[in-house]
1. Can you tell me which condition Ala72 does not meet? The list is (1) closer than 19 Å to Val220 by Cα; (2) crowded, with 24+ Cβ neighbours inside 10 Å, and all the others hold.
2. Please go through the range 75-87 and give me each residue that is part of a helix (DSSP H, G or I) and surrounded by fewer than 24 Cβ atoms within 10 Å (Cβ to Cβ), ordered by number.
3. Could you tell me which of the residues Ala81, Ala57 is free of Cβ contacts under 8 Å to residues at least 40 places away in the same chain, in contact with an Asp or Glu (Cβ under 8 Å, 6 or more places away or on another chain) and closer than 22 Å to Ala149 by Cβ?
4. Going through the range 185-215 one residue at a time, which ones are modelled with pLDDT of 95 or more and open to solvent by less than 20 Å² (accessible area, probe 1.4 Å)?
5. Could you grab me the full set of residues in the range 103-119 that are open to solvent by 30 Å² or more (accessible area, probe 1.4 Å) and touching a residue at least 12 places away in the same chain (Cβ under 8 Å)?
6. Could we say that Ala127 is on the phi < 0 side of the Ramachandran plot, assigned to a helix (DSSP H, G or I) and of a type outside the set (D, E, K, R) here?
7. Does Asp96 satisfy being acidic (Asp, Glu), over 18 Å from Phe21 (Cβ atoms) and touching a Phe, Trp or Tyr at 6+ places or on another chain (Cβ under 9 Å)?
8. Is it true that Arg90 is basic (Lys, Arg), closer than 24 Å to Glu48 by Cβ and open to solvent by 10 Å² or more (accessible area, probe 1.4 Å)?
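The values are calculated or read from the model by the stated rules, or taken from the named source; none is laboratory data. This structure is a prediction, so every number in the text was calculated from the model and none was measured. Every residue, glycine as well, gets a Cβ built from its backbone with ideal geometry; the counts of neighbours run over all protein chains shown. Note: accessible area is taken over every heavy atom of the protein model, side chains too, but ligands, DNA and RNA are not part of it. Shrake-Rupley method; radii C 1.70, N 1.55, O 1.52, S 1.80 Å.
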Amino acid sequence: MNETNVPPGPTADPAQYENPFGREAWEERYRARPALWSGRPNPQLLAEAADLAPGRALDAGSGEGADALWLARRGWRVTAADLADTALQRAAARADADPRLVGRITWLRADLAEQPPAVAGFDLVTAQYLHVPAAVRPALFAGLAAAVAPGGTLLITGHHPRDLAGGGGPRLLPEMLFTAEEIAADLDPADWRVRSAQTRPRPAEDREGRPVTVHDAVLVAQRRLSGSPARLSPHL
């Protein structure tokens with residue numbers, strides 16, 4: 001949800017919602033504030049995509065659009081998908097203000113767990129802090145992996161379990177958390193080359209604005225040119 005460097009102020013506690021991962025909860029979060037996130041692209045995307053040749057990108061859980069705009073400005077054609085209409089409307093307004101982005105971004109209101117993206121349709125699939133229930137995550141990530149074209153890149157960043165008790169970033173629920181190694185284990189090595197499966201620390205601020213260190217679970221994998229989108233781990 002493009003949440004790096006959350007703006008100061010209270011952030012809605014996900015535990016207060018009956019379904020904290022559903023569309024209504026996200027709409028309420030976005031409507032409660034003029035901007036939920038910082039407006040800056042996520043650092044793991046900057047680190048991993050800066051040197052990639054532009055092509056077709058899927059930004060899963062695009063939020064208010066910072067990552068999608070950054071990719072489009074670098075020459076990518078982006079499909080930006082999110083549950084929340086409010087977030088997509090804000091993102092589209094930012095894109096409309098930049099004439100360089102005309103026709104470069106498609107804004108898509110979709111639940112990618114229920115509406116998987118096109119198989120082998122993208123040269124880059126990026127999911128930065130995509131908040132989903134643990135029970136849904138395997139199938140959702142399988143769909144994202146299947147959407148990567150041969151030779152393309154899968155980039156997934158999430159909250160590491162060690163940050164559950166920490167004060168940085170948004171309030172966390174245990175089922176939001178995973179390790180990069182868990183995701184990497186479900187990729188068939190015949191089809192994928194895992195370039196990185198790491199826990200990466202980064203500076204952030206707690207809810208009172210004090211500096212803290214948080215930890216990102218970062219998976220970077222490249223689909224082999226001979227890889228088959230249909231041959232995914234049965235665990236996915």
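1. (1)
2. Of everything in the range 75-87, those that are part of a helix (DSSP H, G or I) and surrounded by fewer than 24 Cβ atoms within 10 Å (Cβ to Cβ) turn out to be Asp85, Thr86.
3. Ala81 is the lone residue from the list that is free of Cβ contacts under 8 Å to residues at least 40 places away in the same chain, in contact with an Asp or Glu (Cβ under 8 Å, 6 or more places away or on another chain) and closer than 22 Å to Ala149 by Cβ.
4. Selection gives Leu187, Asp191, Trp192, Ser196.
5. Within the range 103-119, Arg104, Thr106, Trp107, Leu108, Arg109, Asp111, Ala113, Pro116, Ala118, Val119 qualify.
6. So Ala127 does not fit the description; no.
7. The answer is no for Asp96.
8. When the stated conditions are applied, Arg90 does not pass them.
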